[in-house]
Amino acid sequence: IQSELGEGDPGEKEAIETLKKLEEANLPEKAAQEGRREIERMRNLSPASSEYQVIRTYLDWMLALPWNVKSSKDEIIELKKVEELLDSRHYGLKEAKERITEYLAVRKLRGGDPHGPILCFVGPPGTGKTSLGEAIAMSITRAFYRISVGGVRDEAEVRGHRRTYVGAMPGLILQALRRVQVRDAVLMIDEIDKMTSGGPSGDPTSAMLEVLDPSQNSNFVDHYLNLPFDLSSILFICTANNLFDIPAPLRDRMEVIRVLGYTVEEKVEIAWRYMLPRLLEEHGITDKDIQFTDEVLGFISSRYSREAGLRNFERNIAALMRKRARKKADGEEGAWIVDNPMVTEILGNPTYTLEDAEQ
């Protein structure tokens, strides 16, 4: 680029630096051509003009996206390690674990080929759907990023805003890729059943069709970027509480894995393995200050936490620990041996009904 305004012109200097970054980025040909054209437009504008700032922001986004950047580590899937990892993070959920292992076995035999079904974990809140997605990312050594789409009601949230609008930005997908800085990450679309379908701002669930469809997303066009971006290397995982709140065309592109709830016995085992050590540390007490039994944990689960997941169960155990932490802070020594009458006294009478349990 030859300067017409002199070497000291700040706009010219910035244009030269941006062009240098563009050439070093090794973008696809269409993206590189569009970048050169925008740089030429930027050269002819005053740095004080609003259009100059719009073009500069656009170029920043273009150069920040991982067009050709893949994970540095080769994908190594060892099924025994996958099973051990899933068992170490989750107790129970046998069917879901088995289906995940089968999915990764097929991926291993195909040499990490990203084309395949979009997994969708469907189950009640608190059953570990999001952490299952994290376990998959860890098992194939890929970057993990969670996108929560609950309450999204505007198509532009997914596809991006057109540059003619003030404050325009790319959609959630390209924003996530800019943060993870690789094009083959594991993206979790969380609470996909809570996207609002239809309305004056367009239908975001319909925009998701192109994002998730493996036969279409190799040329995904974001309205802000207005260039085809290849999403086919991304491993998409979705979660939902209710399968029938997902529109049928979107549901058709997913393979549903049902994550059922936990039995009382499973909740007790999960408490011993995972919850109690963590909650004791969080409350500043030890197992010498408060002690539980299988019977009392089962009592808390069956009388106070008749849910499919674990969140209320964990809250009730934490309530008991807070009482002990306060007494310890006041100087009380010795161990509390928690029994059923003590639980009833601290937590009150159970308010759960069969209707609550079904919900």
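The values are calculated or read from the model by the stated rules, or taken from the named source; none is laboratory data. Please read all numbers here as calculations on a predicted model, not as lab measurements. Every residue, glycine among them, receives a Cβ derived from its backbone with ideal geometry; neighbour counts consider all protein chains shown. Quick note on the areas: whole protein, heavy atoms, side chains included, nothing else; ligands and nucleic acids left out. Shrake-Rupley method; radii C 1.70, N 1.55, O 1.52, S 1.80 Å.
Suppose the filter is touching a residue at least 12 places away in the same chain (Cβ under 8 Å) and not aliphatic (A, V, I, L, M); does GLY167 pass it? Criteria not met by GLY167. Selection of helices (runs of 4 or more DSSP H) fully inside the range 212-330 by the criterion of at least 1 residues being open to solvent by 50 Å² or more (accessible area, probe 1.4 Å), touching a strand residue (DSSP E or B) at 6+ places or on another chain (Cβ under 6 Å) and not aromatic (Phe, Trp, Tyr) returns nothing. For the range 62-110, the set of residues classified as closer than 25 Å to ALA176 by Cα and of a type in the set (Gly, Ala, Ser) consists of ALA64, SER71, SER72, listed by residue number. Screening LYS81 against (1) within 26 Å of VAL211 (Cβ to Cβ); (2) modelled with pLDDT of 80 or more; (3) open to solvent by 70 Å² or more (accessible area, probe 1.4 Å) leaves a single unmet condition, (1).
Selection of the range 166-197 for residues being open to solvent by less than 30 Å² (accessible area, probe 1.4 Å), in a loop (DSSP other than H, G, I, E, B) and more than 26 Å from GLU51 (Cα to Cα) yields VAL182, ASP184, ALA185, MET195. The residues of the range 149-193 that are of a type outside the set (A, V, I, L, M) and touching a Lys or Arg at 6+ places or on another chain (Cβ under 9 Å), listed by number, are GLY150, GLY151, PRO170, GLY171, ARG183, ASP184, ASP190. Taken over the range 108-142, the criterion of being crowded, with 18+ Cβ neighbours inside 10 Å, among the basic types (Lys, Arg) and farther than 28 Å from LYS267 by Cα is satisfied by ARG142 alone.
If you check ASP252 against the conditions, is it modelled with pLDDT under 85 and among the acidic types (Asp, Glu)? Here the answer is no, as ASP252 does not meet what is asked. Among the residues of the range 331-341, those identified as open to solvent by 20 Å² or more (accessible area, probe 1.4 Å) and of a type in the set (A, V, I, L, M, F, W, C) are ALA335, TRP336, ILE337.
Looking only at the range 313-339, how many residues end up being under 23 Å from GLY128 (Cα atoms) and free of Cβ contacts under 8 Å to residues at least 40 places away in the same chain? Residues in the range 313-339 being under 23 Å from GLY128 (Cα atoms) and free of Cβ contacts under 8 Å to residues at least 40 places away in the same chain: 5 in total.
A Cβ distance below 7 Å, combined with a sequence gap of six or more or placement on separate chains, defines the contacts here; from the range 16-42, residues that are within 20 Å of TYR224 (Cβ to Cβ) reach residues that are of a type in the set (Gly, Ala, Ser) and crowded, with 16+ Cβ neighbours inside 10 Å in the pairs LEU22/ALA32; LEU22/GLY35; LEU27/GLY35; ILE39/ALA15; MET42/ALA15. Flag not set for LYS108, criterion: of a type in the set (Lys, Arg) and either more than 18 Å from SER71 (Cα to Cα) or modelled with pLDDT of 85 or more (or both). For ALA137, all conditions in the list (1) part of a helix (DSSP H, G or I); (2) at positive phi; (3) of a type outside the set (S, T, N, Q) hold save one; what is the number of the exception? For ALA137, the failing item is (2). Looking at the range 108-134, which of the residues that are in contact with a Leu (Cβ under 9 Å, 6 or more places away or on another chain) and assigned to a helix (DSSP H, G or I) is nearest to LEU250 (Cα to Cα)? Step by step, filter the range 108-134, then rank; the result is GLY133. All conditions in (1) at pLDDT 85 or above; (2) in contact with a Leu (Cβ under 9 Å, 6 or more places away or on another chain); (3) crowded, with 17+ Cβ neighbours inside 10 Å hold for LEU93, with the sole exception of (1). The numbered conditions (1) within 35 Å of the chain's Cα centre (by Cα); (2) modelled with pLDDT of 80 or more are all true for SER46 except (1).
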